[in-house]
């Protein structure tokens with residue numbers, strides 16, 4: 001059975017999904033963006049993220065990806081996830097993370 005695809009904006013995601021995405025992309029989002037055509041044949045740029053039950057495509061441009069990281073207090077001035085936040089999220093989601101391995 002295939003997972004449903006959810007195409008959405010970063011701001012519309014639940015906080016827990018945002019935190020899991022940050023754990024998955026501790027060095028920022030820009031280099032991980034993919035492109036695809038939507039049902040109207042428009043080219044869309046998005047960040048892929050997969051959970052146990054859904055496949056997310058989080059719409060964002062390169063500029064938006066950089067802005068999110070720059071404005072997020074969980075990332076330092078170099079665009080890296082702060083170690084304390086990384087450890088906090090790893091502890092919070094240890095069950096989810098261990099089931100992925």
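Any read-out appearing in this document is the output of simple, stated calculations on the displayed coordinates, not a laboratory observation. All values reported here derive from a predicted model rather than from experimental measurement. Every residue, glycine as well, gets a Cβ built from its backbone with ideal geometry; the counts of neighbours run over all protein chains shown.
If you take every DSSP beta bridge whose two residues both sit in the chain, what share of them, in percent to the nearest 5, is antiparallel?
Roughly 65 percent of the beta bridges in the chain run antiparallel, per DSSP.
Can you pull the one-decimal nm distance between simple spin-label points at residue 82 and residue 61, each 7 Å off the Cα toward Cβ?
Reported label-point gap for residue 82 and residue 61 is 2.9 nm.
Largest first and in whole Å, what are the equivalent-ellipsoid semi-axes of the chain based on the Cα gyration tensor, each being the root of 5 times an eigenvalue?
23, 19, 10
Can you tell me which of 36-44, 11-19, 90-98 comes out highest on packing, and rank the rest after it, using the mean Cβ neighbours within 10 Å?
Sorting 36-44, 11-19, 90-98 by mean packing, highest first, produces 11-19, 90-98, 36-44.
Can you give the helix-only mean residue ellipticity at 222 nm for the chain, where every DSSP H stretch with n ≥ 4 adds -39500 (n - 2.57) and the sum goes over all residues, rounded to the nearest 500 deg cm²/dmol?
-10500 deg cm²/dmol
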